[in-house]
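Asker: Structure incoming, see below.
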Amino acid sequence: MAALFTKETQAIFWNNNAGAIQRMLDYDYVIGRKTPSIAAIVAPTGESKFQKFFWGPDEIMINLYKNTSQAKKDHPNADVLLNFGSFRTAYDVTMEALNLGGFKTIMVTAEGIPERLSRKMIAEAKAKNVTVIGPATVGGIVPGAFKIANLGGTIENIINSKLHRAGSCGLVTRSGGLFNELANIIALNADGIAEGVAIGGDRFVGSVFIDNLLRMQENPEVKYMLLLGEVGGAEEYKVIEAIKSGKLTKPIIAWCIGTIAKYYSSGVQFGHAGASANAERETAEAKNIAMAEAGIHVPSSFNDLPRLIAQVYGELKAKGVIKDIVEPELKTVPKIRRKKEFICTISDDRGDEATYAGFPISSVATPDTGKGIGDVISLLWFKKQYPKWATDFIETVIKTVADHGPAVSGAHNAKVTARAGKSVVESLVTGLLTIGPRFGGAIDGAAEHFKYAYDNNLTPAEFLNHMKKLGIPIPGIGHRIKSLRNPDLRVVGLKKFAAEYFPSTPLLDYALTVEQLTTSKKDNLILNVDGTIGILMVDMWRALGYSEDEINEFISSGTLNAFFIAGRTIGFIGHVLDEKRLAMPMYRHPFEDILYQVDMAEDIR
Ligand code: ACO
Ligand code: LMR
């Protein structure tokens, strides 16, 4: 059985307990972990998608999820769940994680979970061979590898207690506070700990003393063990049994606190829910005597514990079982850290050469790289390397929508603005601002509505009805000059490309059945260029393996219209340069082209 955690262990943190998470990340940084020990955070009520944390002097982003299942799906390697749910939710959160599977260890911090539920949760975890630490615990640590949340306190305290690197003691306590105290005592009298767990103060906890000691027995880093028990319960007797049956052979030091209980009348309940003796053998005194008889090193009092630790450690050192430790280099966390104002996840200009999603510009820019504008868009817009058929499709779209003559809404505006003496950028922007649901900006809407209709198995007639009820023309249907008789050859070209290179085009196939119906009513109600692009982009993303959530997010954030914006920018600039080249004077619209019907203003004085 290996150690509880390694330097590669990653956890999902349930509840955005930012302070505790930051302390874990500071610990990670100081000990020189390569990856943060927290892979993801479940924040069921939060709206953000990530949270920034410090990583040494820098900042990193950790993804936030609404639920454990999505977090686990995206971070399958995170096999520890740090359940910081309250006593009301902790049970459900643990049970859900156990059902999801893939977790080796679940730590439950909440105090006050009803005992009936704790027992159910623990039984389920045992059946699934999952280690539960807690409830009512601060957790555990494998020094130099992974530390749970607030255990050990501040970084200074952690280093003073030698919790920044592995020592040779295996420590098990119930209490978190005394865990820290003992870590310090062990640091002062020996070489620190190799692995430690505070099992929690509740009457029913997931992993008990014996579970942890048996694991430590198998961990070669642990040379001796220290058990701090307390009044109440009979778990210490299981340790005695394991020594007698030869399952535990490493030296054990142990002490049960609560010997004072005998001075009170029976049934005194100490701080922990489990700390109450219900029978003579559950008293601290009886357990200390029994443990000493079994050969465990039991001090005469808690005050004598440091001396005993030094003695056992010294003997093992003298025998050569414990070797000298080479103190590792530690990184330091700066005292003052500045939060970054902006985040960039697509390009980086800090090195010798700027990169697009990790690709130096020179690796995509020139023809010899074999990369085109479709590749650049897939890197900068989607942070992925798309297959050639998809980058070729993107490039085809950009080229196809680059211009459609001077008469279209946007080009007309750009031309008028240029003739008013405005600059290229000002004129371009007026053209771009014309792009909207009627002109060039129906791509997202087409994707959204056709996708809805197809996914809900609406017949074309039902779809038309549905849109009628919504009171909006079907985005992607209809054109001012193109019709069945005068087909839009751009659409023909895109459909031809898709037929040749797309793995399949289910949404386009559906859209064409809708077009049959709309054109039967009026022959200009064709599937237009916006509609064809929007629909084929959905087919493309589905073929590329995007999830429905990801595709919906592309649509709602306006990604599809962006293809038209990018492409038509080329054409608008062309028209603006054309105006400038021709040195065209200011434009004024002819009177004859305007219907003037101006009545005298109504007098309402
Ligand atoms: N869905 C349903 N019915 C429609 C649609 C549509 N998309 N478009 C037009 N109609 C109907 C109208 O309701 C009208 O019906 P009616 O005669 O019973 O009153 C009839 O067709 C004609 O409507 P107009 O608005 O006169 O159509 P027009 O040809 O002028 O409009 C336009 C063209 C603006 C493109 C329109 O079809 C439309 O709004 N389509 C949806 C938006 C869209 O896809 N725009 C992108 C176009 S391509 C591009 O800009 C690059
Ligand atoms: C375009 O590409 O601009 C159009 O299809 C719109 C139009 O009016 O031609």
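Asker: Arrange the residues 362, 378 by how much accessible surface each exposes, largest first, with a 1.4 angstrom probe.
Answerer: Largest accessible area first, the residues go 362, 378.
Asker: Whole number please: convex hull volume per residue, Cα atoms of segment 294-375, in Å³.
Answerer: Value for segment 294-375: 339 Å³ per residue.
Asker: I've got another one for you. Classify segment 7-135 from the C-alpha gyration tensor, please: rounded if a/c falls under 1.5, else prolate or oblate depending on whether a/b exceeds b/c.
Answerer: Prolate, since a/c reaches 1.5 and a/b exceeds b/c.
Asker: Taking all protein chains in place and a 1.4 Å probe, what share, in percent, of the accessible surface of the chain do carbon and sulfur account for?
Answerer: Percent of accessible area from carbon and sulfur atoms in the chain: 55.
Asker: Near residue 287, which aspartates and glutamates are there with a Cα under 12 Å away, not counting those fewer than 8 places off in the same chain?
Answerer: Cα-Cα hits under 12 Å: 230, 235, 236.
Asker: Where nothing but the Cβ of Lys and Arg (+1) and of Asp and Glu (-1) is charged, how large is the charge dipole of segment 7-135 around its Cα centre, in debye to the nearest 20?
Answerer: With only Lys, Arg, Asp and Glu charged at Cβ, the dipole is about 320 debye.
Asker: Something else about it: Sort the following peptides by mean Cβ neighbour count (other Cβ atoms within 10 Å, averaged over residues), highest first: 145-154, 57-66.
Answerer: The peptides rank, most packed first, as 145-154, 57-66.
Asker: Moving on. Just for segment 137-333, what percent of DSSP beta bridges are antiparallel, to the closest 5?
Answerer: The antiparallel proportion sits near 25 percent.
Asker: In addition: Under 23 Å between alpha carbons, and skipping anything fewer than 8 positions from residue 323 in its own chain: which lysines qualify?
Answerer: Answer for residue 323, where 23 Å is the Cα cut-off: 7, 162, 223, 250, listed by chain and number.
Asker: Can you list residues from other chains, or at least 5 along the same chain, whose modelled amide H is less than 5 Å from the amide H of residue 50?
Answerer: Amide H to amide H, under 5 Å and 5 or more residues apart or across chains, residue 50 pairs with 64.
Asker: Using +1 at the Cβ of each Lys and Arg and -1 at the Cβ of each Asp and Glu in the chain, identify which of 487, 22, 534 lies farthest towards the dipole's positive end.
Answerer: Final value for the positive-end residue is 22.
Asker: Helix-only mean residue ellipticity at 222 nm, the chain, DSSP H runs n ≥ 4 weighted -39,500 (n - 2.57), per residue, nearest 500. What is it?
Answerer: My calculation for the chain gives -13000 deg cm²/dmol from helical runs alone.
Asker: Under 22 Å Cα to Cα from residue 120, which lysines show up? Leave out anything in the same chain fewer than 8 places away.
Answerer: 104, 128, 238
Asker: Here's something else I'd like to know. Kindly sort 463, 342 by accessible area of their heavy atoms, largest first, with the probe set to 1.4 Å.
Answerer: Result of the area sort, largest leading: 342, 463.
Asker: Here's a follow-up. Just report the Cα centroid separation between segment 376-396 and segment 191-233, whole Å.
Answerer: Their Cα centres are 54 Å away from one another.
Asker: Mind ordering 513-526, 553-566 by average Cβ neighbours within 10 Å, highest first?
Answerer: Peptide ranking by packing, descending: 553-566, 513-526.
Asker: With charges only on Cβ, +1 for K and R and -1 for D and E, what is the dipole size of segment 409-582 about its Cα centre, in debye, rounded to 20?
Answerer: For this selection, approximately 980 debye.
Asker: Just to be sure I understand the model, the point goes 7 Å from the Cα along the line to the Cβ. What's the resulting residue 484 to residue 373 distance in nm?
Answerer: 3.5 nm
Asker: Let me ask something else. Determine the distance separating the Cα centre of segment 402-456 from the Cα centre of segment 559-605; give it in Å without decimals.
Answerer: About 12 Å separates the Cα centre of segment 402-456 from the one of segment 559-605.
Asker: Where the only charges are on Cβ atoms (+1 Lys, Arg; -1 Asp, Glu), what is the dipole of the chain about its Cα centre, to the nearest 20 debye?
Answerer: 220 debye
Asker: Filter 49/72; 371/399; 52/335; 66/126; 49/383 down to the pairs with a C-alpha to C-alpha distance above 21 Å, please.
Answerer: Pairs exceeding 21 Å: 66/126.
Asker: Based on the mean of other beta carbon atoms within 10 Å per residue, what is the order of 315-326, 75-86, 95-106, most packed first?
Answerer: Listed from highest to lowest mean packing, they are 75-86, 95-106, 315-326.
Asker: Roughly what % of DSSP beta bridges within segment 1-147 run antiparallel, to the nearest 5?
Answerer: That works out to approximately 30 percent antiparallel.
Asker: Need one number: nm distance between label points at residue 160 and residue 280, each 7 Å from Cα along Cα→Cβ, rounded to one decimal.
Answerer: The two pseudo-label positions are separated by 4.4 nm.
Asker: Provide 466, 412, 449 ordered by accessible surface of protein heavy atoms (probe 1.4 Å), highest first.
Answerer: Per-residue accessible area, sorted high to low, gives 412, 466, 449.
Asker: Per q in 0.12, 0.24 Å⁻¹, report the Debye log10 I(q)/I(0) for segment 178-238, using one uniform scatterer on each alpha carbon and no solvent.
Answerer: -0.31, -1.14
Asker: Which of the DSSP-defined H helices in the chain satisfy a minimum axial length of 27 Å, computed from C-alpha atoms, and a minimum mean Kyte-Doolittle hydropathy of -1.0?
Answerer: Long hydrophobic helices here: 559-581.
Asker: State the volume of the convex hull built on the alpha-carbon positions of the chain, expressed per residue in Å³ and rounded to an integer.
Answerer: 277 Å³
The values are calculated or read from the model by the stated rules, or taken from the named source; none is laboratory data. What you see is a predicted model, and the numbers here were worked out from it, not measured in a lab. Cβ atoms come from the backbone with ideal geometry, glycine included; neighbour counts cover every protein chain shown. To get the accessible areas, we keep the full protein, side chains included, count just its heavy atoms, and leave off ligands, DNA and RNA. Shrake-Rupley method; radii C 1.70, N 1.55, O 1.52, S 1.80 Å.
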